[in-house]
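First the structure, in the form of structure tokens, and then the observations on it.
Every number here is computed from the coordinates shown, using simple stated rules; none is lab data. Not measured: the values here are computed from a predicted model. We place every Cβ from the backbone using ideal geometry, glycine too, and count neighbours over all the protein chains shown.
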Amino acid sequence: METGAGFRTPNTRDRRPTTRDRQPENPDYELPGSLDALDPVAVALRLRLAAADAFVLIVPEYNRSVPGPLKTLIDSFRSEWEAKPVGFVGYGLSLTGGVRAVEHLRQIFAEFHAVGMKDAVLFPRVLEHYDAQGRFPTESEGAEAAAKLMLDQLLWWALALRDAKSVRPYGV
């Protein structure tokens, strides 16, 4: 289903959480310094986040942390993150493969009462994985196994937390 802001949303009536391409149609959209709660893009995003049972954030490591616009986006919402699991895919130019950004995100999401997955998918020295045509053809060693582990855990937590919240609302 397409929303007015150009996002694709999952069918929330499905018993199992689903994964879909959730990238905005306009990848050049720049986030402002803060999100106006009445902005149509923010309203559409709020609805998408609230309807989701789980999240996977793909994050580059930027100055040993997360990019500022991503932090602004995360901080612009609160209840939408609560009592939901969050998985992480990090990438970077160094050997750490985005692990510092992922560690910061775990701390940030803990403040929002979200459950950060311990296992993450990391792509160290990300530029070395591209071929001469600019495609990402080579798999980082262990990435597929790491993704399966993280997604299996994410699904478990998504179902457990959704079921728990249907019995008793989460209180902060």
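Grab the Cα-Cα distance for D163 and E128, subtract it from 0.36 nm times how many residues apart they are, and report the gain in nm with one decimal.
Full-extension gain reported as 8.4 nm.
Over region 30-172, what is the percentage of antiparallel beta bridges among all DSSP beta bridges, to the nearest 5?
Bridges in region 30-172 that DSSP calls antiparallel: roughly 10 percent.
Spelling out what I want: for every residue of region 43-58, take phi, set θ = phi - 60°, compute 6.51 cos²θ - 1.76 cosθ + 1.60 (Karplus), and round to whole Hz; glycine and proline get x.
My calculation for region 43-58 gives 4, 4, 5, 4, 5, 5, 5, 5, 6, 6, 9, 7, 9, 10, 9, 9 Hz in order.
Once label points are set 7 Å from the Cα along Cα→Cβ at both H113 and S65, what is their separation, rounded to one decimal in nm?
Once both label points are built, they end up 2.6 nm from each other.
Where the centroid of each part is defined by its Cα atoms, how far is region 79-102 from region 107-172 in Å?
First find each Cα centre; the distance between them is then 7 Å.
Could you name the lysines whose alpha carbon sits less than 25 Å from that of K165, not counting residues in the same chain fewer than 8 places away?
Qualifying lysines at Cα under 25 Å: K84, K118.
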